[in-house]
Every structure is written in structure tokens, then in C-alpha cells.
Amino acid sequence: MRILLIEDDPETARFIRKGLEEAGHVLDQAGDGKRGLLLALDADHDALVVDRMLPGLDGLSIVRSLRAADRTTPVLVLSALGEVDDRVEGLRAGGDDYLVKPFALAELSARLDALVRRRDAAAATAAPPTRLAVADLEMDLLARTVKRAGRAIDLKPREFRLLEHLMRHAGQVVTRTMLLEAVWEYHFDPQTNVIDVHVSRLRRKVERDFGPPLIHTVRGAGYVIRAP
């Protein structure tokens, strides 16, 4: 896991960092609240360990700011304040767990593992998206409609499935074999140019009279759809 530790006490920070790195985790570190918030907003972490009492910006303010910015990264709050009201305040601020100092490193590590497992389980059971978007190209999977720059694009069923597969894998190269299996349900190569023909038609519909091209050929590999 990549973990962000926001802790101003050098001895506590060294203790946590050494233990978590020995457990195989990668740590980023900040010693004050303002820098910690910047790192939390700028980088992608699996979990955050945030001390409650910090210079510059306290830990609960960091958590509130992250939640206001729609960041759902799991946060474990550390604090010497261990009364029930203190723990409740930390959780209501948006913390996912609350650990009172002094603590055992084994418990800290186990709580972090549990937080990430819960996040991954929630993501796995989340409802699938009903809308896809790449740049100004939008697809409504329920209404079966496609728009670019707000203008409707009429696609045939096979073209819709082709575009849907590309958009679900936006930024990734999709091979011809993958398209044959996902869109045509072929588990063999019919040795035809059916994919090239359909991609060419699709390009004309979603790129003609619009902005920069979105669908690109990756020579010898397949196709990729990505924002310009």
C-alpha cells in the first residue's frame, strides 16, 4: 500500500514509518497540516494516517477538507484524546477509524489493512456506471444514447457496443481479438476486416464535424479511445 503519514512528532513518525516500511508499504510523509493536505490532494494514496493535533492545520480539518473535495481515501486518525466524545468527533469529521496514543504498531497496521479491505469490498459491490464519458463524448447506457458536445449521434447497435467497449477501457489499447470476443462474440479470428470497417464508420460519426479525434489506431496492436 502507499500510505500518507501526517505526524508532527519526529519520534512517533520514525516509529510508524519504520514499522510500516518493514511491512512492505510505501510511505509519504508530512510534518504539518497544510503540507499534509496538499500531499493528500495531489497524490493517490491507499490510506492516510493523520495525527489529530498538528501545526498549521489540525487533523480533523484535514479530513473535513478531503471529504468536502469528494476524496474517499480511508483515514485513520491518531490522537492522545481518547474520550468517547473525542472519538465520535473524529469519526463524524470523516475519519474511518480512530486510534488512541500510545498504540501498538501491529494494531495500527491491522487497522489500515482492514480499512483498505473495506474500501476494496465496497468498490467491488458498487453499482456499475450508467454513463461513460471521454472528453466531450458521452454515452448513456440506460437510454442507449450517445452525444458529443451536446449533439446526439445516431449509432447502430453494433456501433454502440463497439464504442461502449472502447469507452469502458478508455486510455487502454484494445486489441482486435478483444473486440471480436466482446462485440462480435467470436472466439476465433474470421480473417476479415470487419473491425476496421466498423471502426471507420464509428469514427466518421463521432469525429466528423466535431473537435479533435478521440479514436486512435495503435499500429500492430488495436485501438484506443482517449481525450486529446
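The values are calculated or read from the model by the stated rules, or taken from the named source; none is laboratory data. Keep in mind that what you see is a predicted model, and the values were worked out from it rather than measured. Quick reminder, even Gly has a Cβ in these numbers, built from the backbone with ideal geometry, and neighbours come from all protein chains shown. Calculation scope for accessible area: heavy atoms of the full protein, side chains included, ligands and nucleic acids excluded. Shrake-Rupley method; radii C 1.70, N 1.55, O 1.52, S 1.80 Å.
Being over 26 Å from the mean Cα position of the chain (by Cα) and more than 12 Å from residue 148 (Cβ to Cβ) is the filter here, so list the residues in the range 204-216 that pass it. Selection gives 204 alone.
Being on the phi < 0 side of the Ramachandran plot, free of Cβ contacts under 8 Å to residues at least 12 places away in the same chain, assigned to a helix (DSSP H, G or I) and open to solvent by less than 70 Å² (accessible area, probe 1.4 Å) holds for only one residue in 121, 106, and it is 121.
Might you check whether a residue that is surrounded by 17 or more Cβ atoms within 10 Å (Cβ to Cβ), of a type outside the set (Ser, Thr, Tyr) and in contact (Cβ under 8 Å) with a residue 60 or more places away in the chain occurs anywhere in the range 145-152?
Looking only at the range 145-152, we keep the residues that are surrounded by 17 or more Cβ atoms within 10 Å (Cβ to Cβ), and these are 146, 148.
Filter once more, keeping what is of a type outside the set (Ser, Thr, Tyr): 146, 148.
Retained after the next criterion (residues that are in contact (Cβ under 8 Å) with a residue 60 or more places away in the chain): 146, 148.
Within the range 145-152, one or more residues are surrounded by 17 or more Cβ atoms within 10 Å (Cβ to Cβ), of a type outside the set (Ser, Thr, Tyr) and in contact (Cβ under 8 Å) with a residue 60 or more places away in the chain.
If you check 12, 73 for being of a type in the set (S, T, N, Q) and at pLDDT 95 or above, only one passes: 12.
With the requirement that a residue be open to solvent by less than 20 Å² (accessible area, probe 1.4 Å) and modelled with pLDDT under 95, what does the range 158-205 give you? It would help to see each step written out before you state the result.
Initial filter on the range 158-205 (open to solvent by less than 20 Å² (accessible area, probe 1.4 Å)): 159-160, 162-163, 166-167, 174, 179-180, 183, 195, 199, 202.
Selection gives 174, 179, 180, 183, 195.
Residue 227 fulfils the conditions (1) aliphatic (A, V, I, L, M); (2) over 30 Å from residue 46 (Cα atoms); (3) open to solvent by 50 Å² or more (accessible area, probe 1.4 Å) except for a single criterion, (2).
Residue 110 meets the conditions (1) within 22 Å of residue 15 (Cβ to Cβ); (2) touching a strand residue (DSSP E or B) at 6+ places or on another chain (Cβ under 9 Å); (3) not polar (S, T, N, Q) in every case but one. The failed one is (2).
Among the residues of the range 37-47, none qualifies, meaning not one is crowded, with 20+ Cβ neighbours inside 10 Å, over 20 Å from the mean Cα position of the chain (by Cα) and not hydroxyl-bearing (Ser, Thr, Tyr).
The single condition from (1) assigned to a loop (DSSP other than H, G, I, E, B); (2) touching a Gly at 6+ places or on another chain (Cβ under 9 Å); (3) open to solvent by less than 30 Å² (accessible area, probe 1.4 Å); (4) of a type outside the set (Gly, Ala, Ser) that residue 60 fails is (1).
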